[in-house]
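Undergrad: Once you've had a glance at the structure underneath, I'll fire off some questions.
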Amino acid sequence: MASISVAMAVYNGEKFLPEQLDSILKQLEPQDEIVVSYDKSKDGTWELLQSYKEKYPQVKVLENQNPGINGNFNNAIAGCTGEYIFICDQDDRWADNKRAAVVETFEKTGADMVIHNGVHIDTQGKTISDPFFTMFRIGDGKLRNILKPRYSGCCTAFTRAMAEKIMPMPMVLDAYDHWIGTIGEFMGHIAYNEQILLYHRLHGANVTVSKRSMGVILRARWTLLKELRRRIRRERRK
């Protein structure tokens, strides 16, 4: 039976972390694991993680030495041993059939990466959006996804072979999930599952209200393309 690793990055996640961990743990198989990378926090996240680690052997906690979202996910993914790696945020909630549905998609399609559907929820867990596939027109399209990324890391899983192409994620990037999705499109095959398998929580600590200038956006895209070119060259030399 296939094994999965859940790569979770945490920072000041005490408020919603128990609900997320519980939603994952109840559907894991004995061979699965949750690899949590911990950025030093100001709340009780560390103590909470230790309590879960003591209770559930499948929970592994790694301290991150390169603070920030890219470094935190690099650390989590590097610690994963499963056949399939699921990217995971600290404050969402998995649908009860997420593990089974994503693994089934991998096995039926032979894909290197699976992107599934989801919806936004509020702090109380109430659905407050249409499905992501409808809202963001998620699907293949190298150019359109570079110009206006539609990838959500929390709705993404990939094989161990694909992880070797993704890793390490360049620290200069402004969006780790844009990198993961771009590598998937340019260097592998993505399969899409339209089932709603994730409830993505919007709250005061994770909702971005400011808009970036066009100059900032263009520099970010240029950086992405430069790093993509380097990664493709690296893979060709192997």
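The values are calculated or read from the model by the stated rules, or taken from the named source; none is laboratory data. Since we're looking at a predicted model, the values are computed, not measured. All Cβ positions, glycine included, derive from the backbone under ideal geometry; neighbour counts span all protein chains shown. What goes into the accessible areas is simple: the full protein's heavy atoms, side chains included, and nothing from ligands, DNA or RNA. Shrake-Rupley method; radii C 1.70, N 1.55, O 1.52, S 1.80 Å.
Undergrad: Lysine pairs in segment 101-238 with alpha-carbon atoms under 20 Å apart, 8 or more places apart or on different chains: how many are there?
TA: 7
Undergrad: With a Förster radius of 41 Å, plug the Cβ-Cβ distance of GLU47 and MET167 into 1/(1 + (r/R0)^6) and report the FRET value to the nearest 0.05.
TA: E between GLU47 and MET167, to the nearest 0.05, is 0.85.
Undergrad: Taking the Cα centre of the chain as origin, work out the dipole magnitude from +1 charges on Lys and Arg Cβ and -1 charges on Asp and Glu Cβ, in debye rounded to 20.
TA: Roughly 1380 debye for the chain.
Undergrad: Rounded if a/c is under 1.5, else prolate if a/b is larger than b/c, else oblate: which is the chain, with a ≥ b ≥ c the root eigenvalues of its Cα gyration tensor? Spell out each step's value before the answer.
TA: Details: a/c = 1.30, a/b = 1.23, b/c = 1.06.
It comes out rounded by the Cα gyration axes.
Undergrad: Comparing ASP112, ASP32, ASP130, which has the greatest mean-square fluctuation in the GNM of the chain with Cα pairs linked when under 10 Å apart?
TA: Evaluated over the chain, the most mobile residue of the options is ASP130.
Undergrad: Normalised by the residues of the chain, what does the relative contact order come to in percent, with Cα pairs under 8 Å and at least six apart?
TA: Values: 415 pairs, mean separation 53.5, N = 238.
Relative contact order here is 22 percent.
Undergrad: In addition: Ignoring ligands, DNA and RNA, please state the percent of accessible area on the chain from carbon and sulfur, probe 1.4 Å.
TA: 52 percent
Undergrad: Per residue, how much accessible area does segment 176-238 have with a 1.4 Å probe, in Å²?
TA: Per-residue value: 62 Å².
Undergrad: Placing one identical point scatterer on every Cα of segment 26-160 and ignoring solvent, what is log10 I(q)/I(0) from the Debye formula at q = 0.10, 0.13, 0.21, 0.22 Å⁻¹?
TA: At q = 0.10, 0.13, 0.21, 0.22 Å⁻¹ the computed log10 ratios are -0.39, -0.67, -1.51, -1.54.
Undergrad: Also, quick follow-up: Can you give the accessible area of THR127 in Å² (nearest 10), computed on protein heavy atoms with a 1.4 Å probe?
TA: That residue has around 70 Å² of solvent-accessible surface.
Undergrad: Which aspartates and glutamates, if any, have their Cα less than 20 Å from the Cα of LYS26, not counting same-chain residues under 8 positions apart?
TA: Cα-Cα hits under 20 Å: GLU14, GLU54, GLU83, ASP89, ASP91, ASP92, ASP96, GLU104.
Undergrad: When only C-alpha pairs under 8 Å and at least 6 residues apart count, what is the relative contact order of segment 109-238, in percent?
TA: Dividing the mean separation by the residue count of segment 109-238 yields 38 percent.
Undergrad: Given 10 °C and 1.306 mPa s, compute D for segment 97-238 with the Stokes-Einstein relation, Rh being the Kirkwood radius over Cα pairs; round to the nearest whole µm²/s. Could you put the intermediate results ahead of the total?
TA: On the way: Rh = 16.2 Å.
Answer from the Stokes-Einstein relation: 98 µm²/s.
Undergrad: Further, regarding this structure: Straight distance only, please: which lysines reach the Cα of LYS40 with their own Cα at less than 19 Å, same-chain residues fewer than 8 apart left out?
TA: By straight Cα distance, LYS40 reaches LYS15, LYS53, LYS60.
Undergrad: Roughly what % of DSSP beta bridges within the chain run antiparallel, to the nearest 5?
TA: 25 percent
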